[in-house]
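Here the structure is laid out as structure tokens; the discussion comes afterwards.
The values are calculated or read from the model by the stated rules, or taken from the named source; none is laboratory data. As the structure is a computational prediction, the values presented were derived from the model and not from experiment. Please note: Cβ atoms are built from the backbone with ideal geometry, for glycine as well, and neighbour counts cover all protein chains shown.
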Amino acid sequence: MSVTRNTEKLEKLRLSLEEELRSLGLLMLPLSEADVWRRPKDGAWSAAEILQHLSLTVDSYLPEIEKALAQSPGGSSSRSVVRGLLSRVLLWLGPSSFVPLPAPRSLDPRYSSQIVFSDRSKQGALAHFVATHRELIARIAEAEKLDFEALSVRVPLLPFIRLPMEQCFLLHVLHLERHIRQLRSTLGAQDSYSTDSQVHEGEEKPEQT
């Protein structure tokens, strides 16, 4: 496989991520402050909580991605990381799957102790989400210049698993796509919003990763 073709794979993922960011921005644009924070009657995440989950996920991976990039001597080569069975299972059971899985507690916006948004506003929710994903896009652009096929990224919640860097970026693209579908479903259920569904700590229904 040529260096050009290898680079094109990451470029495609980067462009896909940028397109998904634009799509999500358009979905959020017409929402009122109340709409952003309200949950549907079924207890699913609000639009803001979906953004928070996505931000928490990217924030957890960025240090590991940066460590992997720092290990690269630069340039490109024909070396490649063997794609292990565990990494393929992680992708299959994760965002590329139709099987609903509960989000890890540390990445669940209802339980995470990490404060993601500077304020409880639509702008605050969107600003942090965009910032974290712009950082991820920048890391993909950086990887395009390196021997990324020789690099792997430790999965933060499963440190015994290392994903090939390309698969790591693919995971985030698929994850964002899944939750944009969830956001569309949430917004399509506007009429089903409960009148008292403001976020309260401890209301709990497992969500999808």
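In the stretch 46-55 there is at least one residue matching the filter, namely being modelled with pLDDT of 90 or more and among the hydroxyl-bearing types (Ser, Thr, Tyr). Given the criteria surrounded by fewer than 14 Cβ atoms within 10 Å (Cβ to Cβ) and either at pLDDT 90 or above or out of contact with any Lys or Arg (no Cβ under 7 Å at 6 or more places or on another chain) (or both), does residue 196 qualify? Criteria met by residue 196. Here residue 122 fulfils each of the conditions (1) among the basic types (Lys, Arg); (2) over 16 Å from residue 56 (Cα atoms); (3) at pLDDT 85 or above apart from (3). Checked against the criterion of being part of a helix (DSSP H, G or I), surrounded by fewer than 17 Cβ atoms within 10 Å (Cβ to Cβ) and modelled with pLDDT of 90 or more, the stretch 140-156 contains one or more residues that satisfy it.
Counting the residues of the stretch 20-33 that are surrounded by 12 or more Cβ atoms within 10 Å (Cβ to Cβ) and either in a helix (DSSP H, G or I) or without any contact (Cβ under 8 Å) to a residue 24 or more places away in the chain (or both) gives 8. Set side by side, the residues 143, 138, 131 differ, and just one is more than 17 Å from the chain's Cα centre (by Cα) and on the phi < 0 side of the Ramachandran plot, which is 143.
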